[in-house]
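The values are calculated or read from the model by the stated rules, or taken from the named source; none is laboratory data. The shown structure was predicted, so the numbers you read here are calculated from the model rather than taken from an experiment. Here the Cβ positions follow ideal geometry from the backbone for every residue, glycine too, while neighbour counts run over all protein chains shown.
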């Protein structure tokens, strides 16, 4: 099966169209499961890859899923991420990396293909401002071999995310 035809990629394509984006999903010949894989396959800078990272914020299993969209050449600062969500949305608690089950339940995607949109319900999202170094960004499109091009402004609009210059560590 062509990865473009997978239900998760179709969900991303529909979300892009509904949001008024002209972005087209690209099927890659090599995997985009990691940011480095995606950059190598596309032939772009590692920092132009948008990593969709899922965290649990709050105490224990009662925490809720949140998303951090971080440049491929950066790491997410979970303490700063918690502060951004506390200040911007009133979500209180530590941010811890989500397990595969929470990732799938919250986003509808498997790790390695988590898109920044098209979730079953709206998820609080923070966007790394350092992505603005690049005119063209590439984000996962619901499958380890699929991405879509976007810009920082469009990404913030598509996700209604909080733009932050604090959540990424170089």
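Considering the conditions (1) more than 17 Å from residue 116 (Cβ to Cβ); (2) at pLDDT 95 or above; (3) surrounded by 14 or more Cβ atoms within 10 Å (Cβ to Cβ), residue 75 is excluded by exactly one of them, (3).
The set of residues in the stretch 115-137 that are surrounded by 24 or more Cβ atoms within 10 Å (Cβ to Cβ) and touching a helix residue (DSSP H, G or I) at 6+ places or on another chain (Cβ under 6 Å) comprises 115, 116, 117, 126, 127, 131, 137.
Residues of the stretch 1-45 that are under 17 Å from residue 155 (Cβ atoms) and outside any helix (DSSP H, G or I): 19, 20, 21, 22, 23, 24, 25, 26, 32, 44, 45.
Considered as a group, the residues in the stretch 161-170 that are out of contact with any strand residue (DSSP E or B) (no Cβ under 6 Å at 6 or more places or on another chain) and modelled with pLDDT of 95 or more include one that is farthest from residue 129 (Cα to Cα), and that residue is 166. The residues of the stretch 159-170 that are surrounded by fewer than 23 Cβ atoms within 10 Å (Cβ to Cβ), part of a loop (DSSP other than H, G, I, E, B) and more than 11 Å from the chain's Cα centre (by Cα), listed by number, are 160, 165, 166, 170. If you go through the stretch 58-72 and keep only what is at pLDDT 95 or above and assigned to a strand (DSSP E or B), you end up with 65, 66, 67, 68, 69, 70, 71. If you go through the stretch 6-15 one residue at a time, do you hit one that is surrounded by 19 or more Cβ atoms within 10 Å (Cβ to Cβ), closer than 28 Å to residue 165 by Cα and in contact with a helix residue (DSSP H, G or I) (Cβ under 9 Å, 6 or more places away or on another chain)? Within the stretch 6-15 (the criterion being surrounded by 19 or more Cβ atoms within 10 Å (Cβ to Cβ), closer than 28 Å to residue 165 by Cα and in contact with a helix residue (DSSP H, G or I) (Cβ under 9 Å, 6 or more places away or on another chain)), the answer is no, since none of the residues qualifies. Mind checking which residues of the stretch 78-94 are modelled with pLDDT under 95, in contact with a strand residue (DSSP E or B) (Cβ under 7 Å, 6 or more places away or on another chain) and not in a loop (DSSP other than H, G, I, E, B)? Scanning the stretch 78-94 gives a single hit, 88. In the stretch 46-57, the condition of being in contact with a strand residue (DSSP E or B) (Cβ under 8 Å, 6 or more places away or on another chain), surrounded by 19 or more Cβ atoms within 10 Å (Cβ to Cβ), at pLDDT 95 or above and not in a strand (DSSP E or B) is met by at least one residue.
Rundown of residues vs (1) over 11 Å from the mean Cα position of the chain (by Cα); (2) within 27 Å of residue 20 (Cβ to Cβ); (3) in a loop (DSSP other than H, G, I, E, B), yes/no style:
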| site | (1), (2), (3) |
| --- | --- |
| 104 | yes, no, no |
| 127 | no, yes, no |
| 143 | yes, yes, yes |
| 157 | yes, yes, no |
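Residues that are surrounded by 15 or more Cβ atoms within 10 Å (Cβ to Cβ) and under 21 Å from residue 38 (Cα atoms) within the stretch 78-103 comprise just one, 103. Here residue 27 fulfils each of the conditions (1) surrounded by 19 or more Cβ atoms within 10 Å (Cβ to Cβ); (2) touching a helix residue (DSSP H, G or I) at 6+ places or on another chain (Cβ under 6 Å) apart from (1). Among the residues of the stretch 106-125, write down those that are more than 19 Å from residue 88 (Cβ to Cβ), within 13 Å of the chain's Cα centre (by Cα) and in a loop (DSSP other than H, G, I, E, B). Answer for the stretch 106-125, where residues must be more than 19 Å from residue 88 (Cβ to Cβ), within 13 Å of the chain's Cα centre (by Cα) and in a loop (DSSP other than H, G, I, E, B): 108, 109, 110, 111, 112, 113, 114, 115, 118.
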